[in-house]
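Here's the structure, in structure tokens; my notes come after.
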Amino acid sequence: MEQSGRLVNDIIESAITAKATDIHLDPAREGLDIRYRIDGALHAVQHLSSAEQNAVITQLRQMADLPPTEPRSLQDGRLSISADGKEYDLRVSIMPMLFGEKVAMRIFDQAGVLLGLDKSGFTDEQLETVKRLLKTPSGMIISTGPAGSGKTTLLYSMITEIADPEKSLVTIEDPIEMALPGVQQAQVSPWTDFTFGTALRGYMRQDADVILVGEMRDTETAALSAHSAMTGHLILSQMLVEDAISVPQELVDLGVDPWIVGRNLPGVVACRLVKKVCQDCREEYTPSAESLEILGLRDKVGSVPFYHGAGCEQCGGTAHKGRQQLHEILVIDKNLSDMICGGETRSDVLLYTAVQHGFKPMIEDGKRAVLDGLVTAEEVCRVLSWR
Ligand SMILES: [Zn+2]
């Protein structure tokens, strides 16, 4: 047992050192394959024998406070570990598979989110807009983007930004990714009676000022969030929507009245994560004609340097290191609000008006990152065409 405990710790500590976000333990015909997710992609790191496999699973169950036996069902647990002098929380999910139990662990970096809004990759202008939006006393502020685009981290940075002892700040999450100072957090579960809906109803009686709603994906959550916004609460939430301009229509599709959307949606922040060029091996190159065409940067070739990574020891030969968040911020001004209230929620029509009034679509942020030498033109194109 002692030795397997060491083995589990080694697996987790190496993942943290490698800056992995997830650890996968996949049962094979014989033994266990270990992979780490780093900068969005899985990398094979180790293979354990069948004997080690059993010891590791037993120890993990113990550390995550799960029953030691193997009930043939899905199980969720949490564990904490200290590494590099910091505390890390891990969510552990175990599922029975053909060759044994498959484990996936998500590593929550307790220090990461405290970086805050000013470290989220916003330009000065964007940062000012987001801070202005967060001063709105009531309404819904939505972060949006595909899975793994950093929406939750952005919401955490937002609520941390407005944390104030004179206000009651609360969350409803599934799961809670990390403990936030000055914020009361509730974990809901689709498997029990304590759902997003129950928690929202509860908070309306609990005198909350700011409510972070982990995910707005069903009609009940949308209706209750809109109701809370109308009755003086600030709602911070996220949706799985491609771009900011499509959010009004999505809310209407979830059953919220256009008039309520138009009057209670101060703004939307869409985000994407892109891989950054490794700054240790970056060199000038000419991006593909296609990516230059898409980004409208063809006329910059020759006058502005473009960079990519050559691959070095620092980045493990991958040519990229770390990630950067791209954004677009849609402020629902009087013009857009009136249009939406009048029932106009088609994204192309709203986009036309928004751009006329200064809205910068995400592609503009991508171009800026390319011209700053932080990201390749190809990477921006890859991430923007996610559908
Ligand atoms: Zn490199």
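Identify all residues within segment 114-133 that are of a type in the set (A, V, I, L, M) and either at pLDDT below 95 or part of a loop (DSSP other than H, G, I, E, B) (or both); write none if there are none.
Matches in segment 114-133: 114, 115, 117.
Please go through segment 277-288 and pick out each residue that is crowded, with 22+ Cβ neighbours inside 10 Å and more than 10 Å from the ligand (Cβ to nearest atom).
287
How many residues does segment 218-254 hold that are of a type in the set (D, E, K, R) and touching a strand residue (DSSP E or B) at 6+ places or on another chain (Cβ under 7 Å)?
Count: 2.
Only residues in segment 58-80 that are within 19 Å of residue 97 (Cα to Cα) count as the first member; pair them with residues that are of a type in the set (Lys, Arg), Cβ under 8 angstrom, at least 6 apart or cross-chain, and list the lot.
67/61; 68/61; 76/91; 77/61; 77/91
Let me confirm something: among 81, 107, 142, 94, which residue is among the β-branched types (Val, Ile, Thr) and within 30 Å of residue 229 (Cβ to Cβ)?
142
Could you check, for segment 316-324, whether at least one of its residues is outside any helix (DSSP H, G or I), modelled with pLDDT of 95 or more and either more than 15 Å from the ligand (Cβ to nearest atom) or within 14 Å of residue 381 (Cα to Cα) (or both)?
No: segment 316-324 contains no residue that is outside any helix (DSSP H, G or I), modelled with pLDDT of 95 or more and either more than 15 Å from the ligand (Cβ to nearest atom) or within 14 Å of residue 381 (Cα to Cα) (or both).
Specify the residue that is surrounded by the fewest Cβ atoms within 10 Å (Cβ to Cβ); the eligible residues are those in segment 249-276 that are hydrophobic (A, V, I, L, M, F, W, C) and assigned to a loop (DSSP other than H, G, I, E, B).
Filtering segment 249-276 for residues that are hydrophobic (A, V, I, L, M, F, W, C) and assigned to a loop (DSSP other than H, G, I, E, B), the one surrounded by the fewest Cβ atoms within 10 Å (Cβ to Cβ) comes out as 254.
Can you go through 327, 308 and tell me which one is more than 16 Å from the ligand (Cβ to nearest atom), part of a strand (DSSP E or B) and of a type outside the set (Asp, Glu)?
Residue meeting the stated conditions: 327.
The values are calculated or read from the model by the stated rules, or taken from the named source; none is laboratory data. Values in this document were obtained by computation on a predicted structure and should not be read as measured data. Cβ sites come from the backbone with ideal geometry, for glycine too, and all protein chains shown count toward neighbours.
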